[in-house]
Amino acid sequence: MNDDTSSNPASSAGQPEDDAVLAAENEGMGEAVGHAPDVNPLADTVAALEKERDQLKDAVLRTLAEADNVRKRANRQIEDARLYAVEKFARDLLNVSDNLSRSVESVPEGSRGLMTDAVKTALEGVELTQKELVSVLSRHGVTPIDASPGAAFDPALHQAVTQIPSEHPAGSVAQLFQSGWRIGDRTLRAAMVAVSAGPGGLQ
């Protein structure tokens, strides 16, 4: 009795060939699967868009910051121009203020009682004019420098013309010769002062 294999030689002969073809196909599929790149196009697109968004956001923030700096700088320049526009005019007025002050200071102490009414009125007018001038200068940012005796000497604000012994601490202002003025943060005219050498100094 013959089995199916012996009765069908063609089928037996073709079996190894079919197995080889299937093995080759499976191997090819395995290689294709094993070497396929692990990519996600949607994820790459999202990452690229997020990066572009961050770059645009950074650029916008930088632009806004620069615009704010420009605005502040422009406002500061406008304010400086307004403040310092009167600098030359104010410097010229300082001589007027000095002359008015000297006129008042030249009146001896206790002599007002001996003055006529006309002289008293004239002196009071000079005093009022000097005070009004100081007030006007102050409204335009021009203010006197503190150079009262005992005040700390500041070379940016005071001009030392001499050094004298005084009851005030050494290195401080001992006496004022000419008032000083400033406009804003600038020294318009330094105060002329004598610097204290301290009690018993310069011996």
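Each row is one residue, and each column tells you yes or no for (1) surrounded by fewer than 16 Cβ atoms within 10 Å (Cβ to Cβ); (2) of a type in the set (Val, Ile, Thr).
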| residue | (1), (2) |
| --- | --- |
| 149 | yes, no |
| 152 | yes, no |
| 158 | no, no |
| 173 | no, yes |
| 180 | no, no |
| 190 | no, no |
| 197 | no, no |
| 200 | yes, no |
Practice prompt. Could you identify the single residue in 173, 134 that is outside any loop (DSSP other than H, G, I, E, B), farther than 20 Å from residue 88 by Cα and within 36 Å of the chain's Cα centre (by Cα)?
Written response: 173
Worksheet item: How many residues are modelled with pLDDT under 85 and among the β-branched types (Val, Ile, Thr) if we restrict to the range 71-96?
Response: 2
Response to the item:
Being within 17 Å of residue 183 (Cα to Cα) and either aliphatic (A, V, I, L, M) or part of a helix (DSSP H, G or I) (or both) narrows 80, 154, 146 down to just 80
Discussion item. Quick check on the range 160-170: of everything there that is outside any strand (DSSP E or B) and small (Gly, Ala, Ser), which residue is surrounded by the fewest Cβ atoms within 10 Å (Cβ to Cβ)?
Written reply: 170
Worksheet entry | Every pair of residues 6+ apart whose Cβ atoms lie under 9 Å, when the first sits in the range 89-107 and is touching a residue at least 40 places away in the same chain (Cβ under 8 Å) while the second is outside any helix (DSSP H, G or I) and of a type in the set (D, E, K, R) | 91/189; 94/189
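The values are calculated or read from the model by the stated rules, or taken from the named source; none is laboratory data. Fair warning: this is a prediction, and the values are worked out from it, not measured in the lab. Every residue, glycine as well, gets a Cβ built from its backbone with ideal geometry; the counts of neighbours run over all protein chains shown.
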